[in-house]
1. Tell me, please, whether a residue that is of a type in the set (D, E, K, R), surrounded by 17 or more Cβ atoms within 10 Å (Cβ to Cβ) and under 19 Å from residue 46 (Cα atoms) can be found in the range 136-158.
2. For the range 169-179, how many residues meet the condition of being surrounded by fewer than 17 Cβ atoms within 10 Å (Cβ to Cβ) and within 14 Å of residue 89 (Cα to Cα)?
3. Only one residue in 166, 122 is surrounded by 13 or more Cβ atoms within 10 Å (Cβ to Cβ), in a strand (DSSP E or B), among the hydroxyl-bearing types (Ser, Thr, Tyr) and touching a residue at least 40 places away in the same chain (Cβ under 8 Å), so which one is that?
4. In the set 133, 143, which member is over 17 Å from residue 34 (Cβ atoms), in a strand (DSSP E or B) and modelled with pLDDT of 95 or more?
Amino acid sequence: MKNVITICMLLFSVSVFAQDDETLFSDVKRVGAWGGPIFEYTGLGKDVTAVSGGGGALVLDDFYLGGYGMGDAVYSISSPGANLKERVKFKHGGLWLGYTPMQRKVIHPYTSVKFGWGKARYQASELNDPGSVLDELNDNIVVLTPEFGIELNIFSFFRIAATGSYRWVSGVDDVPKFTNDDFSSFGASLTLRFGGFGNDWSWKD
């Protein structure tokens, strides 16, 4: 019994004087979370189109990690002589990683990269009867979109980022008259972020 008590006391004394384990987030000083809409102007085929979407993320210091989703971008081709209307729809979503240094400044740099996946859909119908589908094809695609710009702190809970981006698309094979290059394009975006962007924080608190 004395041996058991002695061992327990030794273990207790070691635990008291032992240092805390280092973890992945030991040095994190800023924690928060946000969500909001995305408005994007970008090329599709020979057109410039406006697309809206949204996303959200967890803030860890100057980085954030979350997800996003963009709605349908639509491109239409009408051929009156052939009584044919062709339409391509394109949407994607996935992971979102960002970096926003100097966040305490009213205006500061903002950069992120979106890595997503989605579908490119082709549909052909009669021009005078859009409900009559003549042909329909789908491609599964991969999308990578890096962006760079500036962000403005409007309120403590609201920020606006204006960025330029390039959307790289791969996987377009079956959609007729379109290639990866038709979906890959430079663009401009406005991202509205609402939430708590964190302040000094300790995981030990």
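The values are calculated or read from the model by the stated rules, or taken from the named source; none is laboratory data. Being a predicted model, the structure only gives us computed values, none of them experimental. Here Cβ is always computed from backbone atoms with ideal geometry, including for glycine, and neighbour counts include all displayed protein chains.
1. No - not one qualifying residue is present in the range 136-158.
2. The qualifying residues number 4.
3. Answer to the selection: 122.
4. On the way: 133 fails: modelled with pLDDT of 95 or more.
None of the other options fit; the residue is 143.
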